[in-house]
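The values are calculated or read from the model by the stated rules, or taken from the named source; none is laboratory data. Everything numeric in this text was worked out from a predicted model, so none of it was measured. Because the Cβ atoms are built from the backbone with ideal geometry, glycine has one as well, and the counts that use them run over all protein chains shown. Surface areas here come from the heavy atoms of the whole protein model, side chains and all, with no ligands, DNA or RNA. Shrake-Rupley method; radii C 1.70, N 1.55, O 1.52, S 1.80 Å.
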2 protein chains.
Amino acid sequence: MRAGFARTGLRYVHLYQSKNLDKNGLKLHSTQDLLQLLGFVKQSKSGLVHWLPLGLRTLNKIKTIIKRRMEDQGRAQEVSLSLLSPKALWESTDRWINSELFKLKDSKGSDFCLAPTCEEEITTLMGSYISSYKDLPLTVYQIGRKYRDEKRPRGGLLRGREFLMKDAYSFDQTPQDAVTTFENMNKTYDLIFKDLKVPFVSAWADSGAIGGDLSKEYHFVHETGEDIVLECNGCSNVSNVEKCLSYPHETNTYTGDVSVRYALNVARDTLLCLYYPKNRTLNWNLVLAAMEKDVDSSLADVSNETVLQLFHAGKNEDDLMFSSVVRVMDCRLSSKANFPDFPLTQYLKSNFSQLDDVSLVDAEEGEICGACEEAELKASNSIEVGHTFYLGQKYSKPFNVKFTTRDNKEQLCEMGCYGIGVSRLVAAIAQVTRDEMGLRWPKAVAPYQISVCGAKSDELLEEVTNALKAWSPEIWVNEDPKVNLGRKIATSHNLGIPICVIVGKKQWPYVNLEVRAPYMTETWLTKQAENGETWGWTCDTEQRDLIKKHRVHKNHLKDVIDVILTDM
Amino acid sequence: MRAGFARTGLRYVHLYQSKNLDKNGLKLHSTQDLLQLLGFVKQSKSGLVHWLPLGLRTLNKIKTIIKRRMEDQGRAQEVSLSLLSPKALWESTDRWINSELFKLKDSKGSDFCLAPTCEEEITTLMGSYISSYKDLPLTVYQIGRKYRDEKRPRGGLLRGREFLMKDAYSFDQTPQDAVTTFENMNKTYDLIFKDLKVPFVSAWADSGAIGGDLSKEYHFVHETGEDIVLECNGCSNVSNVEKCLSYPHETNTYTGDVSVRYALNVARDTLLCLYYPKNRTLNWNLVLAAMEKDVDSSLADVSNETVLQLFHAGKNEDDLMFSSVVRVMDCRLSSKANFPDFPLTQYLKSNFSQLDDVSLVDAEEGEICGACEEAELKASNSIEVGHTFYLGQKYSKPFNVKFTTRDNKEQLCEMGCYGIGVSRLVAAIAQVTRDEMGLRWPKAVAPYQISVCGAKSDELLEEVTNALKAWSPEIWVNEDPKVNLGRKIATSHNLGIPICVIVGKKQWPYVNLEVRAPYMTETWLTKQAENGETWGWTCDTEQRDLIKKHRVHKNHLKDVIDVILTDM
C-alpha cells in the first residue's frame, strides 16, 4: 500500500489543518468556494483555475462519458486542433473584431488568437479533405481548452476565461441530411446528460453569434441559474426565454403605460414602431419572427434617437411626409393604453400600416404557450450546459467548402456545430447536487465512488482496502495522519463521495457503511431481505437526515456495496 | 456496423484519390511529411499542427502509458494547470526575458505568457498546500499543451511551437530524499520507454536553463538525431556530449594550431585563458567542472575582446602588471603546439598559474571514457525524448516554499522536475521505426493493432469484422469505396498497422494475415507446431521482405492474432 494521504487529495494537507470547517461552515460557502476549499480546483487568476487531483478525476469522468457517446451514437471522430488560430481566418468571418478574443503576436509579428471556438479552423481543415459526396456525412469533435477574455469572469468554472469544451462539427450534403445529423446529435446529448444522472431539459434556443437556423440548449433547472427556460404543461415544448413565444390569456387588455422601440427594415426605408407594455421586456427574436426577418438587427443595441436620425438622414420634409411607417402592436395592448407621442411631426397617415396580434415580449410564467396555443407556460431558472446548432452554409460559404454530388455538380456543404461546457459541467453538477454538508456527487462523476476510513493505518484497514482495491479502481483511502476518524468520515461526506466504509476494531469483523449519495430502494431492500442474514447485513432504522447507515460482515462488503451502487 | 471509412482515417478522403502514393513515393518523404500524408496530423502554421483521428489515437496511447507509470511507479498525482501564466511569477525567476515566450495581455492590460514549462506555477501552487514534513514527499504531474515561440520551428512535431508535454514536479524534505525521488523517477522513465517498445538510452546530461545539480536525458539512438550521446564500452556510462568527459589515448601529443577562449572567474578578478586544439569544440560544462565552478558563465556567449575589455576595465598599467591569470591547458595539447599570442603586453609571469591535465572539449568516439578512465567511447546521433532534473532549492527559494520539520524548524523544500515530450515522441517513434513502405508502429502505439480489408463490404467482411470488434477495440476497417483491395492492403501497411486481415471469397473459410510489425518467433512457432493443424494455420515459407504472411481458418483467427501479438 502506498503511504500518505497526499497521494489523493492535495487540499487535505491544508484544509483540515488550518480551516477546520464544519457542517455549518460549508453551508455558507458558494459552490465555487466549496470546490476550492475541498481541493477540486484552485483559482490562479480571475477566471483561471488550476485543476487539482480530485477535480481532475471528476472532469475526466465527464470527458469519458462524452467521448464514448460522441463516438458511439454521435458517430464523430476525435481530432485536436491547434489553439493558436491565425487572424486571417477570423477576418474571413468578421469575427476578429470580437473583443473577447485573447490576441497575441509571434516573434515574426504574425497575429493569432487563442481559439474560443473552432468553426473557422475546422471548416478550413475539413475543406482540404472533403471532395466527394462519398466523403459525407462527416462529424468530428474535440475536447480541449478554449479561451474567452470575459470582461467580468465570475462563478469560477461557470464562466471562466479558460475552460474545457467539447466542440463537434458536422458536414452533410443537403439541408435534410444536416437536420437529420442535428437531430441525431440532440439524441446523443440526451444520452450524455442521462449518463451524468442529473435532471436536465433541452430547450429551443436562439442561435446568437454562432448563426444558423436551428438551435437547442441543454439546461440544468436550478434556482441559481442565470437563464430562464419556459416549459409548456400541455405540449411539453421547452424554450429558452430568448426564443419563447407566448400569448396572454386575454389579448388587448393592457391599459397601462406603453413603451416604444424604433427600428428599421433591412432596406432602411421603413420605420418600425414596436409598441409593448412598459412592464415587459422586448424580445428581439420575437420581433424578427413577427416581421418575417425584415428588420435590421444591427440596430438592436442603438438608441431610439439614433434610429430616428438614421431614418431622417438625407430626407427633406416632403420625403418625411410620405414616409413608410409600420406600427407593430404587441397583442397585450389595449387601444386605451397610454401610448407615447409619435416621433414624426408631419406625416400622412395613409402611408402607415399596422401589425396587430403579434407577441413581442419575453414570455412569463402562466401565459399561453405559443407552440400549442392551449396550455400554460411554467418558468424556471436554469444553468446552460450544452448547445447544438444547425448552421447551414454560414461557414462553408466563406471558406468555399464544396463537394461533388452524385450528378457531378459542385455544392456547398451543410454544417452543424455542437458544444458542451465540460469544465462548466463540473461546477453546474456540483451546484445542482450539493447540500448543507458540502458536495454530493452523482455516482458517475464522483472523484471516487468509495472512501475507506479508519482511526489509523492498521492491519484491519489494510485488509479492507486491499480487498476493495483489487475489486474496484474507485477506492480512496484517507490516510491523513493529522486528523481523527470522525474528521475523516466528515471529510468523505463533505467531498460528496457516495459511499464511506468505516473500519474499526470495535465492530470487527463487521464494518460500517455510510451512504451519502441518493439511492433508490429497489434492489437493495430485496437483496437485503434475501441475503441479510447470511451476509451479516443490517441497516439502522433510525437514520440521520442525509446519511444512511449499513453494517455488514467484512466478507460481504463488496456484495453490499455492489447492490447499493446499482441503486444509485 | 457503421458506414464509411471516413470514421477512422480522414486523410484517405484525399490521399488515395489524388496522390496515389506508392512504395517509392513514400520512401522519399520525410517522416513529418509521411505523418501528414497518411493523415496523422496536418500542419496549420509553421510549428503548429492539428491532430487528426489516427494521430490522436497514437498520441493518446502514449499518454495512457505515461499516465499509468507516473501514477503506479512514479507515485505522482495528476493535476492540470492553467496555460495562462502571469508575468510576475516569471519575473521572480528572471525568466520573463526569455525571447521564446509567447506573451499576451488580457483586456485589463495584465501580462501573461503561454506556459512553456511550469516550475514557477507549480512551486507557487504547491507552496500553498505544503506546510509540514508530513505533507512530503509529494509529486504531481500533468500532460498538457506547452508553448515555445521557436525562431526556427522545424521537423514539425519534433520541434513545434505548440507541443504536448508530460511535466512532473517533486517536493522532498532533504537532498537525500530528493535524490531518491530523482532515482525513482528515472526508474519510472525506464519502464515508460520499455512499454513503448523502442530501444532507448538514458544519458547524464547538462541541466541547462532549468538549473539544478543532477540531470538525465532519454534518447532514441538514430542517425537523423540532432543530439550526440557517448556510451562507454567498459563501464556502460552514457552521457550527452554536453556533459561527457573524455581523455585522449595519449596526452600532450597535439602539435597543431591552438585556440584560446578567455573567461573570468566569478569575482571577475582573474583572467582565465582556456587553450584547446583548434579542431575541437570547447565544452563549457567541462570548463566549469575543471575550474570547480569558479567561472562567470554569463560570459559564455561573449567575444574574447569583450572579456578582455571587462578584465581591463578600471585597471591602470600597474594593476595589469600584477594581474592574476590562469592558463588552463586541455590535456591534448603538446607544449610544441602552435599557441596564439598572449593577450597582455606587460605582465609578471610570477602572478600566473597553470592548470594542466584537464579535458575541455567535446568528447569524440574512440577516446577514453572519463568515468572509468579505461574503456573507449562510442558516439551515436540521437533524438532526445525525455529529461529529468534534480533541482535542489532553485525554485523553492525564490517562492519561499518551506515546511516545518519533525523538530519544528522551517526548511526549504528540495525539488525535482521531469519532462517527456509526448507529441515529440509520436514523431520520434515514427522516425526510428519507419521503413521504405511507410510507418511501422510498435504494437503499443499503433493507432490500431489490426486492420481488416475486403474487396468491398459484404457478409464475409462483416462476419470477420464483427467477431474481431467484439473481441478487441483495436480494429480498423478500411471501407473506402474509392479504392480496390490491393490499395487497401497497401494502405494498412503504409500506415504501419501491425496486422492486416484480408477477407476474400476465394479462400473462405480461410483468411489471410499480413504482419507488418516486427515480431519474435518465440511463442508463435511453438503454438503453430501445437495447433497448426486444428486451427488450419499455415505460414508461407517464402516471404516478402517486410511482410510475413499467415493463413488461418476463420474460426481460429483470434487465436492466431493473439499469439502473434504476444510475440510483438
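Per-structure values
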{"read-out": "Filter result (open to solvent by 30 Å² or more (accessible area, probe 1.4 Å), over 17 Å from residue B:366 (Cβ atoms) and of a type outside the set (Ser, Thr, Tyr)) within the stretch B:233-255", "value": "B:242, B:243, B:252"}
{"read-out": "Options A:526, A:538; residue that is without any contact (Cβ under 8 Å) to a residue 12 or more places away in the chain and of a type in the set (S, T, N, Q)", "value": "A:526"}
{"read-out": "Some residue of the stretch B:365-381 being closer than 22 Å to residue B:297 by Cα and either surrounded by 15 or more Cβ atoms within 10 Å (Cβ to Cβ) or aromatic (Phe, Trp, Tyr) (or both)", "value": "no"}
{"read-out": "Lone unmet requirement of (1) without any contact (Cβ under 8 Å) to a residue 60 or more places away in the chain; (2) open to solvent by 10 Å² or more (accessible area, probe 1.4 Å) for residue B:118", "value": "(2)"}
{"read-out": "Lone unmet requirement of (1) away from chain A (no Cβ under 11 Å); (2) free of Cβ contacts under 8 Å to residues at least 60 places away in the same chain; (3) basic (Lys, Arg) for residue B:61", "value": "(2)"}
{"read-out": "Residue match in the stretch B:259-281 (condition: within 26 Å of residue B:364 (Cβ to Cβ) and without any contact (Cβ under 8 Å) to a residue 40 or more places away in the chain)", "value": "yes"}
{"read-out": "Test result for residue A:43, within 14 Å of chain B (Cβ to nearest Cβ), open to solvent by 50 Å² or more (accessible area, probe 1.4 Å), in contact with a Lys or Arg (Cβ under 7 Å, 6 or more places away or on another chain) and at pLDDT below 95", "value": "no"}
{"read-out": "Matching strands (runs of 3 or more DSSP E) fully within the stretch A:137-251 where at least 3 residues are away from chain B (no Cβ under 14 Å) and under 14 Å from the mean Cα position of the chain (by Cα)", "value": "A:201-204, A:214-221, A:227-232"}
{"read-out": "Cross-chain or 6+ apart pairs with Cβ under 6 Å, the stretch A:177-189 first and modelled with pLDDT of 95 or more, then part of a helix (DSSP H, G or I) and charged (D, E, K, R)", "value": "A:188/A:69"}
{"read-out": "So residue A:300, is it within 27 Å of residue A:213 (Cβ to Cβ), among the aliphatic types (A, V, I, L, M) and open to solvent by less than 40 Å² (accessible area, probe 1.4 Å)", "value": "yes"}
{"read-out": "Per-region count, the stretch A:313-335, residues surrounded by 11 or more Cβ atoms within 10 Å (Cβ to Cβ) and modelled with pLDDT of 85 or more", "value": "11"}
{"read-out": "Hey, residue A:145 at pLDDT below 90, under 26 Å from residue A:226 (Cα atoms) and open to solvent by 30 Å² or more (accessible area, probe 1.4 Å) or not", "value": "no"}
{"read-out": "Residues (crowded, with 23+ Cβ neighbours inside 10 Å, out of contact with any strand residue (DSSP E or B) (no Cβ under 8 Å at 6 or more places or on another chain) and at pLDDT below 95) located in the stretch A:50-103", "value": "A:54"}
{"read-out": "In the stretch B:345-364, the residues that are in a strand (DSSP E or B) and either under 40 Å from the mean Cα position of the chain (by Cα) or surrounded by fewer than 12 Cβ atoms within 10 Å (Cβ to Cβ) (or both)", "value": "B:353, B:354, B:355, B:356, B:357, B:358, B:361"}
{"read-out": "Selection count where residues are farther than 22 Å from residue A:305 by Cα and aliphatic (A, V, I, L, M), scope the stretch A:343-370", "value": "4"}
{"read-out": "Unique residue being in contact with a His (Cβ under 9 Å, 6 or more places away or on another chain) and either farther than 29 Å from residue A:415 by Cβ or of a type in the set (Val, Ile, Thr) (or both) when the list is A:258, A:266, A:238, A:221", "value": "A:238"}
{"read-out": "Helices (runs of 4 or more DSSP H) lying entirely in the stretch B:23-111 (those with 3 or more residues that are farther than 26 Å from residue B:418 by Cβ)", "value": "B:23-27, B:31-37"}
{"read-out": "Flag for residue B:267 being out of contact with any strand residue (DSSP E or B) (no Cβ under 7 Å at 6 or more places or on another chain), assigned to a helix (DSSP H, G or I) and open to solvent by 10 Å² or more (accessible area, probe 1.4 Å)", "value": "no"}
{"read-out": "Scan of the stretch A:370-411 for residues that are of a type in the set (S, T, N, Q) and in contact (Cβ under 8 Å) with a residue 60 or more places away in the chain, ordered by number", "value": "A:380, A:381, A:382, A:388, A:396, A:400, A:404, A:405, A:411"}
{"read-out": "Subset tally (residues that are facing chain B (nearest Cβ under 8 Å), over 29 Å from the mean Cα position of the chain (by Cα) and not polar (S, T, N, Q)) for the stretch A:99-135", "value": "5"}
{"read-out": "Verdict on residue A:161 being touching a Lys or Arg at 6+ places or on another chain (Cβ under 8 Å) and assigned by TED's automatic domain parsing to the domain that holds residue A:137", "value": "yes"}
